[in-house]
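Novice: Mind looking over this structure? Questions follow.
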Amino acid sequence: MTVWEILGILAAGIAAGTINTIVGSGSLVTFPTLLAFGYPPVVANVSNSVGLVFGGVSGVIGYRRELAGQRRRIISMAVVSALGGVSGGLLLLKLPESAFNAIVPVLILLGVVLVIVQPKLNSWMAARRSENHDHVVAMLVATFCCAIYGGYFGAAQGVIMMGVLGTLLHDHIQRLNAAKNVSTTIVNFSAAVLFVFVADVAWIAAGLIAVGSIIGGQLGAKVGRRLPPIALRIVIVVVGLAAVAKLLLD
């Protein structure tokens with residue numbers, strides 16, 4: 001691994017940790033970066049999931065004040081997130097690699113679209129929150145489905161989760177974002193435990209993403225809210241579309 005590869009993956013990890021804490025689509029930076037440096041898609045996905053666990057923990061710690069009073073909600077979400085994460089990870093390992101290679105461009109495009117429409121999604125969420133009524137069972141079912149997606153391919157799972165939580169729960173968006181950070185971290189952790197034992201992990205790449213995402217998680221929690229959202233979305237869209245082009249042209 002060259003110095004430029006090390007710096008590139010580390011920088012991608014910092015960006016992903018920051019973006020995941022604020023928006024929830026950091027894998028659209030790290031996953032394409034690993035592809036660009038020649039990692040096979042499944043290995044890149046597995047290594048990315050393992051590395052981003054640490055950034056998720058960092059983001060959760062950064063948002064710990066917003067978690068106050070959410071104990072019951074977090075415990076129930078944690079259970080379904082763990083089950084869904086393992087289920088998605090098993091799908092990744094059981095389905096042929098050719099299926100993953102065919103599905104991934106579609107999933108990346110889905111993530112890019114979700115990032116583009118997120119401002120309108122947030123406005124819709126705000127309108128729904130005025131109803132002052134929680135749909136807990138529906139939220140847990142939707143969280144489980146999101147977790148399966150996250151265990152299989154984590155890009156933009158945070159954006160999807162924010163849509164679910166904002167639609168089905170009545171709470172402040174920052175508290176929902178804190179709950180989202182816990183859920184997606186548990187999804188990544190559950191899938192990562194599975195991957196460590198039965199899959200190919202590029203440990204140097206995963207370690208660099210881990211270090212970078214830890215830094216990014218703290219940046220996202222402390223100063224990331226001040227960054228122009230449009231700048232983050234532009235970066236994600238450009239990198240995501242470049243990844244799709246690379247996958248389709250290879």
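Novice: List, please: which pairs have Cβ atoms under 7 Å, are six or more places apart or on different chains, and start with a residue in region 196-224 that is closer than 15 Å to F31 by Cβ and end with one that is outside any helix (DSSP H, G or I)?
Specialist: A202/Y39; A205/Y39
Novice: Would you say V211 is farther than 22 Å from L91 by Cβ, open to solvent by 60 Å² or more (accessible area, probe 1.4 Å) and at pLDDT 90 or above?
Specialist: Working: farther than 22 Å from L91 by Cβ: yes; open to solvent by 60 Å² or more (accessible area, probe 1.4 Å): yes; at pLDDT 90 or above: yes.
Yes: the conditions hold for V211.
Okay, residues lined up against (1) hydroxyl-bearing (S, T, Y); (2) more than 19 Å from the chain's Cα centre (by Cα); (3) crowded, with 19+ Cβ neighbours inside 10 Å:
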| residue | (1), (2), (3) |
| --- | --- |
| Y149 | yes, no, yes |
| I160 | no, no, yes |
| A178 | no, no, yes |
| N181 | no, no, yes |
| F189 | no, no, yes |
| V193 | no, no, no |
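Novice: What is the residue count in region 153-194 for residues that are among the charged types (D, E, K, R) and either free of Cβ contacts under 8 Å to residues at least 24 places away in the same chain or in a loop (DSSP other than H, G, I, E, B) (or both)?
Specialist: Looking only at that region, the number is 1.
Novice: What residue, among those in region 68-92 that are under 10 Å from Y152 (Cβ atoms) and open to solvent by less than 70 Å² (accessible area, probe 1.4 Å), is modelled with the lowest pLDDT?
Specialist: Checked region 68-92; the qualifying residue modelled with the lowest pLDDT is L92.
Novice: V137 fails exactly one of the following numbered conditions: (1) open to solvent by less than 70 Å² (accessible area, probe 1.4 Å); (2) of a type outside the set (S, T, Y); (3) more than 18 Å from L52 (Cα to Cα). What is the number of that condition?
Specialist: The number of the failed condition is (1).
Novice: Give V53, V104, V29, V23 a once-over and let me know the one that is within 16 Å of Y149 (Cβ to Cβ), in contact (Cβ under 8 Å) with a residue 12 or more places away in the chain and either touching a strand residue (DSSP E or B) at 6+ places or on another chain (Cβ under 9 Å) or not acidic (D, E) (or both).
Specialist: After ruling out the rest, the residue left standing is V104.
Novice: Is it the case that region 96-104 has a residue that's touching a Ser or Thr at 6+ places or on another chain (Cβ under 7 Å), at pLDDT below 90 and assigned to a helix (DSSP H, G or I)?
Specialist: Looking through region 96-104, none of the residues is touching a Ser or Thr at 6+ places or on another chain (Cβ under 7 Å), at pLDDT below 90 and assigned to a helix (DSSP H, G or I).
The values are calculated or read from the model by the stated rules, or taken from the named source; none is laboratory data. A quick note: this is a predicted structure, and the numbers were derived from the prediction, not measured. Using ideal geometry, Cβ is built from the backbone for each residue, glycine included, and neighbour counts are taken over all protein chains shown. When the accessible area is computed, the model is the full protein with side chains, heavy atoms only, and any ligands, DNA or RNA have been set aside. Shrake-Rupley method; radii C 1.70, N 1.55, O 1.52, S 1.80 Å.
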